[in-house]
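The values are calculated or read from the model by the stated rules, or taken from the named source; none is laboratory data. None of these values were measured; they are calculated from a predicted model. Reconstructed Cβ throughout: ideal geometry from the backbone, glycine too, with neighbour counts over all protein chains shown. Areas reflect the complete protein model, heavy atoms only, side chains present, ligands, DNA and RNA absent. Shrake-Rupley method; radii C 1.70, N 1.55, O 1.52, S 1.80 Å.
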Amino acid sequence: MTREIRSWLSDMDGVLVHEGTALPGAAEFVDALKAAGRPFLILTNNSIFTPRDLRARLAATGLDVPEESIWTSALATAQFLTDQMPGGSAYVIGEAGLTTALYEAGYTLTATRPDFVVLGETRTYSFEAITQAIRLVQGGARFIATNPDVTGPSADGDLPATGAVAAMISAATGRKPYFVGKPNPMMIRSALNRIDAHSETTVMVGDRMDTDVVAGIEAGLRTYLVLTGSTREQDVQRFPFRPTAVLDSVQDLLALV
């Protein structure tokens, strides 16, 4: 017997939008979730933007996603740190999405004996900031990173991302970070907790086998891979795990909402 789908988690880039344009069926999919009253969250490993920023960016593509329905690796990181050490302190390399999430979680942002060094995405990695992070980790601060992605896209080609800078800090300190974002199933579990959902009745929709699908499987969710992003249909066979189904786009999920 197929279990009822009551809640939805969906990746953002490659599923709903691509380079500032809504993908086929995305607007209808979001509207259907809202109309049916289904709890849902749109997930992203990007820690640069706040949910308010992302809501505005999605609105510009024609997608009406409420601010509270967006879950970023920055929010998941802030939740993780609060669970680990409420009211702690952190030295942060990142943009407003990350600093705002930590501030709102009650964290003190400081370079003086912080409990954690937290590394996120930023457009301008500063040599001085990376040097500071290295020295703080050497001095005993615990090393956390929002996500392991080593590159990010731009119009001119790949940009070094969180995972690449984390590797530099790891090489200098001998300490590897704890990555909170996908493919860590903790990102999925924190999202489930956020909307009070259960893994048995929730599905994960994504465009990448190596992040979205594996994280969903490890968190106990049914998974739908859509072919509008990174993973091509012929690539699926290379992985030792399978999604519940492979679909052309989110348009094919409308009947399940």
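General observations
- Checking ARG123 against (1) at pLDDT 95 or above; (2) over 18 Å from MET187 (Cα atoms); (3) not hydroxyl-bearing (Ser, Thr, Tyr), the condition it does not meet: (1)
- Check on PRO185, over 14 Å from THR44 (Cα atoms) and open to solvent by less than 50 Å² (accessible area, probe 1.4 Å): no
- Lone qualifier among ILE48, ILE42 - being open to solvent by less than 10 Å² (accessible area, probe 1.4 Å), within 14 Å of the chain's Cα centre (by Cα) and aliphatic (A, V, I, L, M): ILE42
- Qualifying residue in the range 158-165 (condition: at pLDDT 95 or above and either more than 30 Å from HIS18 (Cα to Cα) or in contact with a helix residue (DSSP H, G or I) (Cβ under 7 Å, 6 or more places away or on another chain) (or both)): yes
- Some residue of the range 209-220 being touching a strand residue (DSSP E or B) at 6+ places or on another chain (Cβ under 6 Å), surrounded by 15 or more Cβ atoms within 10 Å (Cβ to Cβ) and not aliphatic (A, V, I, L, M): yes
- Among the conditions (1) of a type in the set (D, E, K, R); (2) at pLDDT 95 or above; (3) in a loop (DSSP other than H, G, I, E, B), the only one that ASP53 does not satisfy is (3).
- Matching residues in the range 150-162 - criterion: being assigned to a loop (DSSP other than H, G, I, E, B), open to solvent by less than 50 Å² (accessible area, probe 1.4 Å) and closer than 16 Å to PHE179 by Cα: ALA161
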